[in-house]
Ligand code: GLY
Ligand code: MN
Ligand code: MN
């Protein structure tokens, strides 16, 4: 048949007439049998899933206490906190599911739990709710279907045949100590009696932008019941803010999980050192380093809290260098910023800047020492009673004076440190600290007065991460400084007495870093790099 342009135009038109909806076309690549015989056969002769009793998770009582604190902030209002849905990576391929952190915090649920689930906190008479609070919480989710159902083998998103076994209503209820209900009951639970509070309706607050279906459901209910959408938006935002602020001071369980994540991250850094000699020379040595860290995380059954930054040479001056496609050369520094995320979803966030061939050059050591001194000054003030902003100020004080001493500042350190100056920030443009927890930048929706301007309290966990970044293309500085980036990042727990560096076991002082690297390389020469999980 000829392929003339006229013919193509006609057949194009014909295909438009018979258009198959786009969302059905994904089925065009395979054919599922649909005969009654096949259905009956598929529904038969499967062993029943094991009905082991699920024990209560350690986190359950902590999550209940968190919900009780939240409840006290919003008496008489229905709170809707979604886990979120899987996110599309491309076409019909999703990323692995990761619940929203606010949901994870108030349910205690970690990895895998639970796509499209929603926690609804229903208001009660004051004091008549869970644990004497003002709300009763229920978890709505899509439980595992029976092996005699079509869903078992025909639903690629939820079916056990496709995605493996999933919890039943009873299992999640037992594990997390929360009443559970099927997702099919959610619409009524969210919208029942909702309306304008001034007219006797029940007010809903929703964590928005997590699950688009929930946003649509709540918006529709509001429109139908004459509730002002703009006012509701700001009420919703207050719930999101409160959930973020609820995490500012960590409970005992959270601190334990952060220790787990930090310790696992330190083992990952040991493997980074181990692999360094093999990273040198190849075109993409940074990926060898990134891979070694990820491999250690996976060997121990963990994930990452964020994409690893493996930045050698001038790439270390690019703050969010996650391309990691550069080479690693002797004589350079490699900055690695990485964090293991535990099953509970708590993550570490550590950075070390290592000499690729094991020894810092003189100029590298000078810059490194300035950053280390800034870090130590920050640790000094990261204690109860001081303000969060003081931590950054202490680090900047050290760096501005060091830059002045080196003759790099166009003004005095004093002028640079004043509000109208800030010249030193050319080489240290990010903050020195951020809260750490379920999110690497935890509590990010907290009010300024509870974050930057807040008084530091025991139980807070945050990073201390000063740096200096001298770009190759920076003509404001002498050549010897160019192409060097240094950051030292530790994770700090504030205690009654002061603070504890959770990452203290990872060497920081330049001589300790060098000795540690040498020690690992000597060990590897004798026995080869580590392969199995750490004993
Ligand atoms: N890894 C991101 C940060 O240090 O904030
Ligand atoms: Mn950080
Ligand atoms: Mn970091």
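Derivation of every value follows stated rules applied to the coordinates shown; laboratory data play no part. All values derive from a computational prediction rather than experimental measurement. Cβ coordinates were reconstructed from backbone atoms using ideal geometry, including for glycine residues, and neighbour counts include every protein chain displayed.
Could you work out how far helix 212-224 tilts from the main Cα principal axis of the chain, as a 0 to 90 degree angle to the nearest 10?
Between helix and principal axis, roughly 60 degrees.
Please work out how much length the chain gains when fully extended from residue 73 to residue 387, using 0.36 nm per residue of separation minus the C-alpha to C-alpha distance, in nm with one decimal.
Result: 110.6 nm gained on full extension.
Would you mind computing, in nm to one decimal, how far apart the modelled labels at residue 480 and residue 414 are, each placed 7 Å from Cα along Cα→Cβ?
That separation, rounded to one decimal, is 2.8 nm.
Using the Cα gyration tensor of region 268-357, with a ≥ b ≥ c the square roots of its eigenvalues, what is the shape: rounded (a/c below 1.5), prolate (a/b larger than b/c) or oblate (neither)?
Judged from the Cα gyration tensor, region 268-357 comes out prolate (a/c at least 1.5, a/b above b/c).
Could you work out Rg/(2.2 N^0.38 Å) for region 178-234, with Rg from alpha carbons only?
1.14
Return a whole-number percent for the relative contact order of region 138-276, with Cα pairs under 8 Å and 6 or more residues apart as the contact set.
For region 138-276, the relative contact order is 15 percent.
Arrange 247, 96 by Cβ neighbour counts within 10 Å, fewest through most, would you?
Placing the least packed residue first, the sequence is 96, 247.
Debye calculation, C-alpha points only, no solvent: report log10 I(q)/I(0) for region 92-134 at q = 0.14, 0.26, 0.31 Å⁻¹, in the same order as the q values.
With no solvent term, the Cα-only Debye profile gives -0.46, -0.90, -1.04.
Please provide three numbers in whole Å: the alpha-carbon extents of the chain along the principal axes, with the largest listed first.
For the chain, the Cα extents along the three principal axes come out at 78, 74, 57 Å.
In square nanometres and to one decimal, what's the mean projected area of the convex hull around the Cα atoms of region 91-215? Numbers along the way, then the final one.
On the way: hull surface 37.0 nm².
Answer in nm², one decimal: 9.2.
Fully extended, how many nm does the chain gain between residue 229 and residue 25 (0.36 nm per residue separation, minus their Cα-Cα distance)?
Computed gain between residue 229 and residue 25 is 69.8 nm.
Using Cα pairs under 8 angstrom and six or more residues apart, how large is the relative contact order of region 258-321, in percent? Please report the intermediate quantities before stating the final value.
On the way: 45 pairs, mean separation 17.1, N = 64.
Relative CO of region 258-321 lands at 27 percent.
Does region 431-521 come out rounded, prolate or oblate by the C-alpha gyration tensor, with a ≥ b ≥ c the root eigenvalues, rounded set by a/c under 1.5 and, if not, prolate when a/b is larger than b/c and oblate if not?
It comes out oblate by the Cα gyration axes.
Once the piece of chain linking residue 93 and residue 526 is laid out straight, how much longer is it, given 0.36 nm per residue of separation minus the C-alpha distance between them? Display every interim value, and only then the final one.
Numbers: separation 433, 0.36 × 433 = 155.88 nm, distance 4.44 nm.
Once the chain is fully extended between residue 93 and residue 526, it gains 151.4 nm.
Just the ratio, please: alpha-carbon radius of gyration of region 31-154 over 2.2 N^0.38 Å, N its number of residues.
Here the answer is 1.39, to two decimals.
With 10 angstrom as the radius, rank 109, 42 by how many other C-beta atoms surround their C-beta, starting from the fewest.
42, 109
What's the angle, to the nearest 10 degrees (0 to 90), between helix 388-405's Cα axis and the longest principal axis of the chain?
Tilt relative to the chain: about 30 degrees.
In degrees from 0 to 90, rounded to the nearest 10, what is the angle of the helix 5-17 Cα long axis to the longest principal axis of the chain?
60
Relative contact order for the chain: what is it in percent, counting Cα pairs under 8 Å that are at least 6 residues apart?
Relative contact order of the chain: 12 percent.
Which of rounded, prolate or oblate describes region 312-427 when judged by the alpha-carbon gyration tensor and an a/c cut-off of 1.5?
oblate
Would you please put 168-176, 125-133, 22-30, 226-234 in order of how densely packed they are, using the mean number of other Cβ atoms within 10 angstrom per residue and starting with the highest?
Result, highest mean Cβ count within 10 Å first: 168-176, 125-133, 226-234, 22-30.
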